[in-house]
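The values are calculated or read from the model by the stated rules, or taken from the named source; none is laboratory data. Keep in mind that this is a model prediction, so the values were computed, not measured. Glycine also receives a Cβ, built like all others from the backbone with ideal geometry; neighbour counts cover every protein chain displayed. Side chains are part of the model used for accessible areas, which takes the heavy atoms of the whole protein and leaves out ligands, DNA and RNA. Shrake-Rupley method; radii C 1.70, N 1.55, O 1.52, S 1.80 Å.
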2 protein chains.
Amino acid sequence: MMMMMMKISALQIYMKDMKDMKVTRRRCWPCRDSHIKLNQLIWGENCMIEFMREAINLAVNKMRQGQGGPFGAVIVQRGEIIARGCNRVTSTNDPTAHAEIVAIREACARLGDFRLTGCDIYINCEPCPMCLAAIYWADIARIYYAADRRDAADSGFADAEIYMEIGRKPAERRIPAVQMLRAEALAVFREWQMKVDRVDY
Amino acid sequence: MMMMMMKISALQIYMKDMKDMKVTRRRCWPCRDSHIKLNQLIWGENCMIEFMREAINLAVNKMRQGQGGPFGAVIVQRGEIIARGCNRVTSTNDPTAHAEIVAIREACARLGDFRLTGCDIYINCEPCPMCLAAIYWADIARIYYAADRRDAADSGFADAEIYMEIGRKPAERRIPAVQMLRAEALAVFREWQMKVDRVDY
C-alpha cells in the first residue's frame, strides 16, 4: 500500500512537471534522455530509482569508510547529478556536516549560486529539521527520501525528537531560549531594510 | 512587560546554573570573574548583555561589509567567547552559512569536538529552524536571542514561513517530499547498528 502511494505521488509530481516545464512527452525529465519507444513515465521513475540508489550507496560506502553516520545525498539538476554528500559529523568534528548540507554546499559552489532553484535532492533518509530548512533556504524543488524519521530514531538518531522540539514553544523546549535586547537588534534590521546595495536571499 | 519577563527568565536560568554548577555565589558565571563587592546576579546579567552586544555588533559590521544578511552569533564557553559567526550566504554562495552555523563550525574546529556541551549561543535574532536544529545537534546548553522570527519576517526573511512549513505534514508542504525505496535504505541502518567501531553522535 505504501509502495503504491509512493508510486502514485512520484508519478503525479512527475506528470505535473511534464506539464509545467512544457517538455515533450518523449523526453524523460529526470535523465533528459529520449526514450522514444518506451513509456516515458516508467522511464522517469527508473531514473529516480537510480538517483536514490546512488544516495543509498554513498550512505553505506562512506559509513564503512568511517566518515560518519549512514547518510548520503545527491543533488540532481535537469537529470544530472551535480553534487554528492555524505555524513561527515564525527570525522570532521562538524555537527552540521549532514549529507544534505554537504551536498548543498558542494552544488552551490559548483553553480556559483546560493540558490539551487529547479534542482531535486535524493536522500537515503528523510531530512532532519536542519537539513529540511536548508533545503528551503537553497530553494530546492523536490525531496525524494527512502527511510524516514522513525527509522532513524530506531537506529539511535535524534531527528524525530528534534522535530518535536522545534514544534514546541521556546519556553517549553529542552534547550531554553531567552529573549533580550530586542530593541537594539531591531535597529540593525532597519539599517538592512534601508541598505541600497543589499543582496536579498 | 516583555523586558520584565526576559529579565526574570534570564535570572531564573542563571540562578539554576549557580545551583547546578556548585559555583560560589561570588563568582560571575557568564564572565568567570569574581565580583565580590557587587550583586552577583546583576553582574551575570551584565555579562550576558556584553555577549549579546557582541553578536549585534557582528551583525551590523559584517552586513555593512557586504558579507550577507544582518545576523551575528557568538558562542560562549564558561564565560569566554570561543567563536564568532556572521551571515555569509550571499558573499560565499552558501545558503547554509547562517551566523549560527558559521559560529558552531568554528567553535567545534577550535575545540576539536562535534559537541559543544555546556556552551551558550548569543544571536541577534531567534534562530531559524536550520540553526535551531544545528544547536540541538551541537548539544548547546542555552540560546539567547534579541529580535525574533516575526521581526525577521518584517525585514523580508523566510524564518517564520519555514517554521510553519516544517510543522506541516510532508505532503502538505510547499516543497513536496516523496518516499521511495525504504526497504533498501533500512538495510543500511541495520548495518550501522551492527557496526562495532561506529561513533555515535
What accessible area per residue comes out for the range B:100-201, rounded to a whole number of Å², with a 1.4 Å probe? 39 Å²
In this structure, the FRET efficiency calculated for A:GLU172 and B:ASP154 from their beta-carbon separation, with R0 = 22 Å, to the nearest 0.05, is 0.30
Shape of the range B:57-201, Cα gyration tensor, a/c cut at 1.5: oblate
Using the Karplus curve 6.51 cos²θ - 1.76 cosθ + 1.60 with θ = phi - 60°, what ³J(HN,Hα) values do you get for each residue of the range A:125-142, in whole Hz, with x for Gly and Pro? 8, 3, x, 6, x, 4, 6, 5, 5, 4, 5, 5, 4, 7, 6, 6, 7, 9
Just the number, please: buried accessible area between A and B, total of both chains, 1.4 angstrom probe, nearest 100 square angstrom. 8600 Å²
With θ taken as phi - 60° and the coefficients 6.51, -1.76 and 1.60, list the Karplus ³J(HN,Hα) couplings across the range A:88-93 in order, rounded to whole Hz; mark glycine and proline as x. 10, 4, 7, 7, 10, 6
Which ³J(HN,Hα) values, rounded to whole Hz and listed in residue order, are derived for the range B:53-63 from phi using the Karplus coefficients 6.51, -1.76 and 1.60 in 6.51 cos²θ - 1.76 cosθ + 1.60 with θ = phi - 60°, glycine and proline given as x? 5, 5, 5, 5, 4, 4, 4, 6, 5, 6, 4
What residues have an amide H closer than 5 Å to that of A:ILE82, excluding those fewer than 5 places away on the same chain, when H is modeled at 1.01 Å from N in the peptide plane? A:ILE75, A:VAL76, A:GLN77
Roughly how much of B:GLU106 is accessible, in Å² to the nearest 10, using a 1.4 Å probe? 90 Å²
If I model a spin label as a point 7 Å beyond the Cα along the Cα-Cβ vector, how far apart are those points for A:LYS195 and B:ARG64 in nm? 1.2 nm
Average partner chain C-beta neighbours within 10 Å, per residue of B:79-91? 1
For A:SER91 and A:ARG115 in the same chain, what is the full-extension length gain: residue separation times 0.36 nm, less their Cα-Cα distance, in nm? 5.9 nm
So how much accessible area does A:LYS195 have, in Å² to the nearest 10, using a 1.4 Å probe? 40 Å²
Report the relative contact order of the range A:108-201, percent, no decimals, based on alpha-carbon pairs under 8 angstrom and at least 6 residues apart. 22 percent
If the chain between A:GLU50 and A:GLU80 were fully stretched, how many nm would it gain, using 0.36 nm times the residue separation less the Cα-Cα distance? 9.7 nm
Charges only on Cβ, +1 for Lys and Arg, -1 for Asp and Glu: so what's the dipole of the range B:112-201 about the Cα centre, in debye to the nearest 20? 400 debye
